[in-house]
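The block underneath contains the structure these notes are about, expressed in structure tokens.
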Amino acid sequence: MNAPAGSLLVAEDLRKAYGPTVALDGAGFSIHPGEIVAVMGPSGSGKSTLLHCLAGIVVPDSGTITYDGRELTAMSDAERSALRRGEFGFVFQFGQLVPELTCVENVALPLRLNGTPRREAERRARTWLERLEVDDLAGQRPGEVSGGQGQRVAVARALVTGPRVVFADEPTGALDSLNGERVMELLTEAARSANAAVVLVTHEPRVAAYSDREIVVRDGRSRDMERAV
Amino acid sequence: MTIARHLHGRTARHPRPHSMYTPRVYTPCSVLGMSIGHTLLGLLESGPRHGYDLKRTFDEKFGHDRPLHYGQVYSTMSRLLRDGLVEVDGIEPGGGPERKRYAITQAGVTDVERWLATPEKPEPYLQSTLYIKVVLALLTRRDAAGILDTQRSEHLRMMRVLTDRKRKGDLADQLICDHALFHLEADLRWLELTAARLDKLAAAVTP
């Protein structure tokens, strides 16, 4: 696959197996700054493994991943961790907020890990909670808020560091239609205004409809529908 | 006039396209698939109106990006008048059809009631064009999965348009777009299921 010029994150010919199970079998991917790309496909097709490889969480067995001109696959664990903290944001299906921390502390956490003083981190966290329309929950713990509210807090946490890429793995999978829709609206609006690219793994067409284009993963291989048509 | 005659009257002038993946359900303004006659009748229930007023109200509430033509309004009103479902409540000086003010009759009210109480046909789209394409592709050893992928992409393209319109629109826009979005989503579920069953389908349909 030849990546189009100006791509921020490019993967080529990725292969990854877990024991005898082949998860990726020559998958490719590319995304431009500020672009929202849906990764679709049936369960077990390899789409989550693709996301984990792109985000530097999982190292592929072979193939290359290039982020902003740097080869991700050649980086050390520490370098990839630093990249994830500084440049990437994450939203998962079940929020994965820290239950002992309040919502504002959860959102401020990535900034604190990067060395931002507490007061400044929480000020910025509150700004994001406001943008996600959940500033009234700042002092509450994740166990005290609804699923939809928790996901908004998770989106705020993903965007608080000003990431260039947000990885969202089934971000509305645990929500009803109305809440899921609102989370998608807020996520995509916030990402667009911050010019962050979004890699959106989903099997739901209504969620994928918030993307600019989609790639389909099947049996570990990907198909870029924009360039296929 | 019967309900069927209203519907058929419109269908004859605006036949639906052959391809079953384009009409009614998938147009953003799917509400136009309904009977214009019944809708105009319903709008008259709140009080007599001129033809241009009916058109304006229809466009405001249901027309969106596909407003009614004046010709549609006046031909529909002539038909309703002929069938005794409306009557002319007054004519303003100057003559011409646009000067007539229409009022609904009791027969018209009954007709609207009957139409509202009659459920719409679910139309399950059995033997769809897409199914035929998939089977033909399998029979001729072509890329059936590719056909499904391309169709998914086309559906998603339409879903993006609707999602964007929904985001910018009012509640009425949102509900109309949601209706179309849910139908498209149902198609996509079928696409996924068919994609997952292509091997079985190939074995079943190929000699």
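The values are calculated or read from the model by the stated rules, or taken from the named source; none is laboratory data. Note that the structure is a prediction, hence the values are computed from the model and not measured. Here Cβ is always computed from backbone atoms with ideal geometry, including for glycine, and neighbour counts include all displayed protein chains. The accessibility values were calculated without ligands, DNA or RNA, using every heavy atom of the protein model including side chains. Shrake-Rupley method; radii C 1.70, N 1.55, O 1.52, S 1.80 Å.
Tabulated data
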| read-out | value |
| --- | --- |
| DSSP bridge orientation in chain A - percent antiparallel, rounded to nearest 5 | 55 |
| Heavy-atom accessible area order for B:Tyr74, B:Tyr131, A:Tyr18, largest first, 1.4 Å probe | A:Tyr18, B:Tyr131, B:Tyr74 |
| Chain A: relative contact order as a whole-number percent, Cα under 8 Å and 6+ apart | 29 |
| Contact order normalised by residue count of segment B:129-205, Cα under 8 Å, 6+ apart, percent | 38 |
| The protein assembly as shown - Rg over Rh from alpha carbon coordinates, Kirkwood radius | 1.09 |
| In Å², nearest 10: area of A:Asp13 left accessible to a 1.4 Å probe | 80 |
| Sequence of B:Leu193, B:Leu148 from largest to smallest accessible area, 1.4 Å probe | B:Leu193, B:Leu148 |
| Under the Karplus curve 6.51 cos²θ - 1.76 cosθ + 1.60, θ = phi - 60°, whole-Hz ³J(HN,Hα) for segment B:142-154, x wherever Gly or Pro sits | 9, 7, 5, 4, x, 4, 5, 4, 5, 5, 4, 4, 5 |
| Coil-residue GluC sites (Glu not before Pro) of segment A:45-132, DSSP, other Cβ within 10 Å capped at 13 | A:Glu100 |
| Cα-based reach from A:Lys47 at 16 Å (exclusive), listing lysines while leaving out same-chain residues under 8 positions away | A:Lys16 |
| Integer Hz, Karplus 6.51/-1.76/1.60 couplings in order for segment A:4-14, x for Gly and Pro | x, 4, x, 5, 8, 9, 10, 10, 9, 6, 6 |
| Directionally averaged projected area (convex hull, Cα atoms, segment B:36-117), nm² | 5.2 |
| Mean separation of Cα contacts under 8 Å (6+ apart) over length of segment B:36-117, as relative contact order % | 38 |
| Cross-link reach list, lysines versus B:Lys133, counting only Cα pairs under 18 Å and skipping chain neighbours closer than eight places | B:Lys200 |
| Trypsin sites (Lys or Arg not before Pro) within segment B:137-187: DSSP coil, no more than 10 neighbouring Cβ in 10 Å | B:Arg141 |
| Calculated FRET efficiency for the pair B:Leu175/B:Leu201, C-beta based, R₀ 45 Å, to 0.05 | 0.80 |
| Selected from A:Arg126, A:Arg182, A:Arg152 as most flexible by GNM, with chain A as the system and alpha-carbon contacts under 10 Å | A:Arg182 |
| Value of [θ]222 nm, deg cm²/dmol, for the protein assembly as shown, DSSP H segments ≥ 4, -39500 (n - 2.57) each, nearest 500 | -14500 deg cm²/dmol |
| Cross-link reach list, lysines versus B:Lys166, counting only Cα pairs under 17 Å and skipping chain neighbours closer than eight places | B:Lys61 |
| Cα centroid of segment A:181-212 to Cα centroid of segment A:33-108, whole Å | 16 |
| Ranked order, B:Glu185, A:Glu144 - accessible area, probe 1.4 Å, largest first | A:Glu144, B:Glu185 |
| Surface share of carbon and sulfur [accessible, 1.4 angstrom probe, percent] for chain A | 48 |
| Compactness of chain A as Cα Rg over 2.2 N^0.38 Å, two decimals | 0.99 |
